Amino acid sequence: MITAAKVKLYPNEGQKILLEKHFGSCRFVYNYFLKKRDEYYITHRDAQRSSLNYFDTNNMLIELKKEHPWLYEINAQSLQMSLRFLDNALKNFFHKNTEHPKFKRKGINEYFAVPQHIKIQGNRIYFPKFSEGIYFKGSKDKLSEIRDINEIVITKDSGYYYCSIIYENEEELPEKKPLSSENSVGIDLGIEKFATLSNGIAIENPGFIKKVEKRIKRLQKQLSRKQKGSKNGSKHILKSQKEYMKLRNMREDFDDKISTAIAKQYDTIVIEDLNVHGMMQNHHISKSLSDVSFYYFKQKLEWKAEKYGKNMIEIGRFDPSSKICSRCGNIKHDLKLSDRIYHCDVCGLTIDRDLNAAKNIRKIGLIKVGSVRSEFTPVEIATSGLYGIYPYRQMSVVESGSSDALAEE
Ligand SMILES: [Zn+2]
């Protein structure tokens, strides 16, 4: 199993300078080739080959180094990893409809990766260009016993340096539980409430996280009024960075506890993919904060499900989980974002909006993997509004469903 450990680095002054050079050069290479690849695409749009790929940029990097000899001071593989990151970001943009990659800015989300020649001895980590090793602290794992390190990623956060160590853990994974509707749960992630489960359990956002989020929003508002580059401005940036770090640590701890509890409790977990309902579209800050935390939570949950041998099903953001009535399948097209209660005009169901969504998420997920035979009637599926979304699955369910199932419920 691939595992990651994060440690805090304590570089000496010389190492700090070299780390900064690595951040700067990797950023430079990333931005340089982002521009090149964009330009190439614009000028070759209609050509047979409309874009540069990773290998093209790798070859061009050789020339770039001759032009800028200071790049030789940097671990060549770290520069190549920058090209890989760029390549992935562009692939996601073209094939998965994500945002177009942005130019990296100094001091914001700085990182570089090292893919090879890494060694840990005692409390020092050794990698190319850092042959005397950097002292680190802060991991419960016995890192020096790791034989096979896949990769490390060095990051900087609020003036501190960190190293994420990604390695192969010897631990064997448990065998997966069979995929079925038994002991399954749908999860609706929200803004007001952290999560609502299809069985009615609601998980509130902890108060201390709300408090820090409020503080960050206030700082950001103040910051947008301050002039760029002013002394007061940079003090403010550091302050909000520290609050962010605090928030991340709290979130991580919270995510850890909740995801562990859910993965232990349920055998099949259904969850929506990232863009939850497109909620909060007009509140950019809240949205970006919550998008990020949903992402991390989902990652944690995925990992925990893996660890405890449970199934996780993801459903697409286009599945209309909040508009369907979870009892009769009627679709309420005029449901507004502000409607907290779902009321069905057809069957009369009145239910909390998030609970209704969570029930649908569970149902959609189970239909998707074809594990609903015993639980949902063919009529229910046919009328659920899911008809036509997964025609193939529908067919197999309807074929195997018996007509006496119609009498249920
Ligand atoms: Zn209904």
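Couple of notes before you dig in:
- Relative contact order for region 2-168, counting Cα pairs under 8 Å that sit 6 or more residues apart, in percent: 34 percent
- Length added when fully stretched, residue 16-residue 100, from 0.36 nm per residue minus Cα-Cα: 27.1 nm
- Coupling constants for region 302-308 follow from the phi torsions by the Karplus curve (6.51 cos²θ - 1.76 cosθ + 1.60, θ = phi - 60°), and in residue order they are 4, 5, 5, 4, 4, 5, 9 Hz; glycine and proline get x.
- Between region 293-346 and region 1-51, the Cα center-to-center distance that results, in Å: 36 Å
- FRET efficiency for the pair residue 182 and residue 314, taken as 1/(1 + (r/R0)^6) with r the Cβ-Cβ distance and R0 = 22 Å, rounds to 0.65.
- Long-range amide H partners of residue 151 with built H, under 5 Å: 166
- Modelled FRET efficiency - R0 30 Å, residue 225 with residue 157, Cβ distances, 0.05 increments: 0.75
- Whether region 39-192 is rounded, prolate or oblate, judged on the alpha carbon gyration tensor where a/c under 1.5 counts as rounded: oblate
- Shape category assigned to region 136-185 from the gyration tensor of Cα positions, a/c cut at 1.5: prolate
- With R₀ fixed at 45 Å, the C-beta to C-beta distance from residue 201 to residue 119 puts the FRET efficiency at about 0.45.
- Taking amide H as placed 1.01 Å from N in the peptide plane, residue 352 has its amide H under 5 Å from the amide H of 342, each at least 5 places away in sequence or on another chain.
- Near residue 252, once Lys and Arg are set to +1 and Asp and Glu to -1 for all other residues with Cβ below 12 Å from its Cβ, the sum equals +3.
- The simple spin-label model puts a point 7 Å past each Cα toward its Cβ; for residue 72 and residue 168 those points are separated by 3.6 nm.
- Net charge in the neighbourhood of residue 87 (other residues with Cβ under 11 Å of its Cβ; Lys, Arg +1, Asp, Glu -1) is +2.
- Here region 148-208 exposes an accessible surface that is 47 percent carbon and sulfur, computed with a 1.4 Å probe and the other protein chains kept in place.
- When 106, 66, 129 are compared by accessible surface with a 1.4 Å probe, the order from highest to lowest is 106, 66, 129.
- Label zone at residue 147 (point 7 Å along Cα-to-Cβ), backbone N below 18 Å, region 114-132: 117-122
- Cα-based shape type of region 150-251, given that a ≥ b ≥ c are square roots of the gyration tensor eigenvalues and the cut on a/c is 1.5: oblate
- Portion, in percent, of the accessible area of region 60-123 that falls on carbon or sulfur, probe 1.4 Å: 53 percent
- Region 12-55: trypsin sites (Lys or Arg not before Pro) in DSSP loop, at most 13 other beta carbons within 10 Å: 45, 49
- Counting only protein heavy atoms and using a 1.4 Å probe, the accessible area of residue 346 comes to about 100 Å².
- Within-12-Å neighbourhood charge of residue 203 [Cβ basis; K, R +1; D, E -1]: -3
- Against the criterion of solvent-accessible heavy-atom surface with a 1.4 angstrom probe, 297, 208 sort, most first, into 208, 297.
- Ranked by the mean number of other Cβ atoms within 10 Å of their residues, highest first, the peptides 163-175, 240-252 come out as 240-252, 163-175.
The values are calculated or read from the model by the stated rules, or taken from the named source; none is laboratory data. Source: prediction; values computed, not measured. FYI the Cβ positions are ideal-geometry reconstructions off the backbone, even for glycines, and counts take in every protein chain you see. What goes into the accessible areas is simple: the full protein's heavy atoms, side chains included, and nothing from ligands, DNA or RNA. Shrake-Rupley method; radii C 1.70, N 1.55, O 1.52, S 1.80 Å.
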